[in-house]
Amino acid sequence: MTRLFAVLATLVILLALAALMVGPADAGLAASLRALLGEGGPLVLVMQEIRLPRMMLGLMIGASLGLSGAALQGYLRNPLAEPGLIGISSSAALGAVIAIQTGLAAAFALALPLMALAFALLAVVILLALSGTRRGDTLTLILAGIAISATSGALTQLVLNLSPNPFATSEIVFWLMGSLADRSMTHVALAAPFMGLGFLLMAGLGRSLDALTLGEDAAESMGVNLTRLRLRVVIGTACVVGAGTAVAGAIGFIGLVVPHLLRPFTGHRPGPLLWASALGGAAMLLAADVAVRVTLPDRDLKLGVLTALVGAPFFLHLIWRNRRARA
Amino acid sequence: MLRRAALALALCAAGLPVAAEEGPRRVVSINLCTDQIAMQLAAPGQLHSVSWIARDPRSSAMAQEAQAYPANHGRAEEIWLMKPDLVLAGSFTSRAAVEMLKRLGTPVVEVAPAYSLDDIPDRIRSIGTALGREAQAEEMIATFEGRLATLRAQVDDRPSAAIYYANGYTTGDRTLAGEILITAGFDNIAGDTMGGHLPLETLAMADPDAIITGTPYPGASRSEEILEHPVVEAIRDRAASRAVSDSDWICGTPYVLKAIDDLAAFRKGLE
């Protein structure tokens, strides 16, 4: 287990360095790192105001998506639960779009993550109300998720189409696919407090989630407070997904692929999987963000395009396995 | 008596009623740029309708004048119901509507956008011919070329500048906006290109002496947020910056002279 964490942490550090190095402003490793510390003319601006916030957001959002995916899957005991797939991210995007278009975000900066958080929370509550926590009720969860995704996606498009701003309509892609291009420290500061809160809420869930694998009654007899567990998963997920989506749009599939890949290495226990997934999610999003910058340096290729290309086949594979298990 | 006849003849030659009788009588323009040239060239009563964007002061240099005409939205049905005997369209506007109107037998004249200052006289001439107002068109061209020649002053010290729009777009020398910038005495950091996406990093490394941005539209957008990015702000603090109104830049009409004039004044302020 320690080895897994060491490997994942090394991977994250290497990818974070790569994320700092890749960009149209060509500069060597030494010059870039010196500029990061504040010497070297215009390169300082590039490193401190463009690449550093971009790397930090990739790290934070990737970890959030991995962690919340693992927490949701552990709590619902359902391998298909993922914030993007079941509509939490698109709901959060709708909240963010409403905050921007009503001028709320301009009047009060924190309104942006708060609105996204509120809408993410709404989506989680609706999902839990519809699908409950019965083991293996995959179908209801996915169907409810599709309905929430479709509704919030449509409302996002409606709001942006009604905007008097000629650029708003073209931003639908950003909100539905996600991107880290041209973000700044302002966005890091907006997202960080809510992500921190979400991480704190979900940090100590490992033991409870492990106990839950034995069933709700067994978990309760082992001293797990199920109501508190649910509250922490729900609010924690809404916090991290809401804050991430508010600044980078909805990025899908990371919370699905990462826990799925790492599960065998954690002995199929949801507890250790939480933190492994957080590290793995950060690594995957950083890798995706480096990849979009390497493949199409001149265009803003959306992150969701890459994560979906990797994630959708995984999703099909999981459905296939699910079907065989039931047959 | 003789003098009065001569005066009448002169008036006819100057052309208002006669020219209108030769050309189309009910013209509908569905493109912002053809709208503005047509409003300046058409005989009274000849132009029936202009596009709704022509009334928007952010895009149109003639928003006030456009109020006098009924607005259209470039849709085939509404234009057909206006019964025009000529439709003026841009070569990229409302393709489906243009094709349909042609099929229905309405004459359509398509005018390509002006990609450079040299294109402007040609576009004015095309529209003048279509309207049967060649004399007015030639007069407008002569005035335009005369004023442009006086604006093309030699500049020794050319400050570098970047044009930066929403979504990080820029325009290079081989565009109308690029030529406006060069004529006003700046060197464009985007160089001899059409322009395109200029990453923030490239902008930061180029470190231009001046940055020229569009005026943001109402209703916030993430696309325009880039104009307030700390990198752009830092360049703004260090260099000179100017937000220009898009209306004088978008179309190849004599209004570009005003854009050049404004920019040249801005450059002189830098010295």
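The values are calculated or read from the model by the stated rules, or taken from the named source; none is laboratory data. Computed from a prediction, not measured in an experiment: that's the story for all the values here. Note: ideal-geometry Cβ built from the backbone for every residue, glycine included; neighbour counts use all protein chains shown.
Quick look at the numbers
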quantity: Matching residues in the range B:38-73 - criterion: being outside any helix (DSSP H, G or I) and over 26 Å from B:E22 (Cα atoms); calculated: B:D56, B:P57, B:R58, B:S59, B:S60, B:A61, B:M62, B:Q67, B:H73
quantity: Enumeration of residues in the range B:176-214 that are part of a helix (DSSP H, G or I) and either within 12 Å of chain A (Cβ to nearest Cβ) or at pLDDT below 90 (or both); calculated: B:L200, B:E201, B:T202, B:L203, B:A204, B:M205, B:A206
quantity: Residues within the range A:244-265 that are farther than 14 Å from A:L67 by Cα and either surrounded by fewer than 21 Cβ atoms within 10 Å (Cβ to Cβ) or small (G, A, S) (or both), tallied; calculated: 6
quantity: Qualifying residue in the range A:269-284 (condition: surrounded by fewer than 14 Cβ atoms within 10 Å (Cβ to Cβ), more than 14 Å from chain B (Cβ to nearest Cβ) and either more than 19 Å from A:F174 (Cα to Cα) or modelled with pLDDT of 90 or more (or both)); calculated: no
quantity: Selection from the range B:65-118 of residues that are closer than 25 Å to B:A135 by Cα, surrounded by fewer than 16 Cβ atoms within 10 Å (Cβ to Cβ) and charged (D, E, K, R); calculated: B:D85, B:D118
quantity: Top-ranked residue of the range B:87-142 - restricted to ones that are in a loop (DSSP other than H, G, I, E, B) and charged (D, E, K, R), ranked as farthest from the chain's Cα centre (by Cα); calculated: B:R133
quantity: Number of the exception - A:G196 against (1) among the small types (G, A, S); (2) surrounded by 15 or more Cβ atoms within 10 Å (Cβ to Cβ); (3) free of Cβ contacts under 8 Å to residues at least 60 places away in the same chain; (4) under 24 Å from A:L57 (Cβ atoms); calculated: (2)
quantity: Residue that is farthest from the chain's Cα centre (by Cα), among those in the range B:233-263 that are surrounded by fewer than 18 Cβ atoms within 10 Å (Cβ to Cβ) and of a type in the set (G, A, S); calculated: B:A234
quantity: Flag for A:L176 being in a loop (DSSP other than H, G, I, E, B), out of contact with any strand residue (DSSP E or B) (no Cβ under 6 Å at 6 or more places or on another chain) and among the aliphatic types (A, V, I, L, M); calculated: no
quantity: Wholly within the range A:38-120, helices (runs of 4 or more DSSP H) carrying at least 3 residues that are more than 14 Å from every other protein chain (Cβ to nearest Cβ); calculated: A:52-76, A:88-101
quantity: Some residue of the range B:221-244 being under 28 Å from B:M62 (Cα atoms), assigned to a loop (DSSP other than H, G, I, E, B) and touching a strand residue (DSSP E or B) at 6+ places or on another chain (Cβ under 9 Å); calculated: no
quantity: Checking B:V256 against (1) at pLDDT 90 or above; (2) more than 7 Å from chain A (Cβ to nearest Cβ); (3) within 30 Å of A:L104 (Cβ to Cβ), the condition it does not meet; calculated: (3)
quantity: Residue match in the range B:215-228 (condition: of a type outside the set (S, T, N, Q), free of Cβ contacts under 8 Å to residues at least 40 places away in the same chain and either more than 10 Å from every other protein chain (Cβ to nearest Cβ) or on the phi > 0 side of the Ramachandran plot (or both)); calculated: yes
quantity: Subset of the range A:1-35 that is assigned to a helix (DSSP H, G or I) and within 14 Å of another protein chain (Cβ to nearest Cβ) - its residue that is surrounded by the fewest Cβ atoms within 10 Å (Cβ to Cβ); calculated: A:A31
quantity: Subset of the range B:122-136 (residues that are over 17 Å from B:N31 (Cβ atoms) and crowded, with 20+ Cβ neighbours inside 10 Å); calculated: B:G132, B:R133, B:Q136
quantity: Selection count, the range B:202-232, where residues are over 26 Å from the mean Cα position of the chain (by Cα) and of a type in the set (F, W, Y); calculated: 0
quantity: Identity of the residue in the range B:229-245, more than 9 Å from chain A (Cβ to nearest Cβ) and β-branched (V, I, T), that ends up nearest to A:I98 (Cα to Cα); calculated: B:V232
quantity: The range A:153-174 residues that are within 7 Å of chain B (Cβ to nearest Cβ), paired with ones that are of a type in the set (K, R) and part of a loop (DSSP other than H, G, I, E, B) (beta carbon under 8 Å, 6 or more apart); calculated: A:F174/A:K302
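For (1) more than 28 Å from B:T215 (Cα to Cα); (2) touching a Pro at 6+ places or on another chain (Cβ under 8 Å); (3) at pLDDT 90 or above, each residue gets a yes or a no:
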position	(1), (2), (3)
A:L127	yes, no, no
A:L130	yes, no, no
A:R134	yes, no, no
A:L139	yes, no, no
A:A150	yes, no, yes
A:T156	no, no, yes
A:L160	no, no, yes
